[in-house]
Amino acid sequence: DDDDDDDDDDDEDDRGIDDFEDDEEMDSFINEYQIATRGLDDIRDGVRTGLATRQGIFEGIAWLVDGLQPGDSVFFHFSGHGSQTRDLDGDEDDGYDETICPQDYRTAGMIVDDELYDQLVDKIPEGVRLTAILDCCHSGTALDLPYVYKLKADKTMEKKEEKKKKKKKNKKKDKKSDKKSNKSSEGSGKIVSAGGGKKSDCTCVMISGCQDDQVSADIMYEGEATGAVTFSFISALSHNQLNLTYDTLMRSMKEVLAKNTRHIIQCPQLSTNDKTFSFDEIFHC
């Protein structure tokens, strides 16, 4: 369990008043946050609330998948701590399962990606669409979906990431499948096999907070932590008035992250179980 290390990294990215270069930059950040979170307090119908314990999360998932019919769309969002644990059933190329950490994980245990797949993805019938956001560390393949989409990093990002890799030991081996990647239809990213990915009846699209070997940052606003990818996701949708392709969504999120996370390099990635998925498609959930 490497949550303690992750917490240290996340703390480095907290932004206080002194971190902004000038009033204009701070005003821009506050305005962006207010736009991104506008109306969230008014959401009531169709949302289940409760304690994020292990049992509470599974109860919420059971509620979400109950009674679904073809044509339905459901949304699952988790923003919190994520970690890794040794793979015990041999379905991970790198030997590690990805996990999310419920409120009581120290006593009740973490929730492993195999469990998330079995209780969430595999319970949803054909004809239903699941959109999932997992804003946590090590979340790249946290639903064990077979196809992963990665944006091409610009040269600056590539250099920063390579520099960090030299300073800090990787906890996971590079996936062999990354070497055999294919370009997407737009040439703006690449689709790689997730290796060990599972197939299911529903159509599932997941956006992760980062890749499996990365950590996810927080953004601080008025003393409260907000998941950086959750913030960037809502910002991208808001700024594009909910009318954007998946490719534009991922790129917009990357731009928001670049502006607001200075010390941590995290690359959100999109995974799906749909072999014919097109990134030219308009985002919908």
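Structural remarks
- Two-site label geometry, His77 and Ser278: point separation in nm, points 7 Å out along Cα→Cβ: 2.8 nm
- Cα pair count fraction exceeding 15 Å, expressed as % - the stretch 224-285: 52 percent
- The string of couplings for the stretch 54-69 from the Karplus curve (6.51, -1.76, 1.60, θ = phi - 60°) is 4, 5, x, 5, 5, 5, x, 5, 4, 4, 5, 8, 6, x, 6, 10 Hz, one whole number per residue in order, with x for Gly and Pro.
- Two-site FRET efficiency, Leu242 against Asp201, from Cβ-Cβ distance with R₀ of 30 Å, rounded to 0.05: 0.65
- Accessible area of His284 in the full protein assembly, 1.4 Å probe (Å², nearest 10): 80 Å²
- Residue-count net charge about Asp118 - beta-carbon cut-off 11 Å; Lys, Arg +1, Asp, Glu -1: -3
- Loop sites in the stretch 198-285: GluC sites (Glu not before Pro), DSSP, at most 13 other Cβ within 10 Å: Glu222, Glu281
- With all protein chains in place and a 1.4 Å probe, the accessible surface of the stretch 224-263 carries 47 percent carbon and sulfur.
- Seen from Arg86, the other residues with C-beta closer than 10 Å to its C-beta sum to a net charge of -3, counting Lys and Arg as +1 and Asp and Glu as -1.
The values are calculated or read from the model by the stated rules, or taken from the named source; none is laboratory data. Computed from a predicted model, the values in this text were never measured in an experiment. Every residue, glycine among them, receives a Cβ derived from its backbone with ideal geometry; neighbour counts consider all protein chains shown. Ligands, DNA and RNA are stripped out before the accessible areas are found, and what is left, the full protein with its side chains, is counted by its heavy atoms. Shrake-Rupley method; radii C 1.70, N 1.55, O 1.52, S 1.80 Å.
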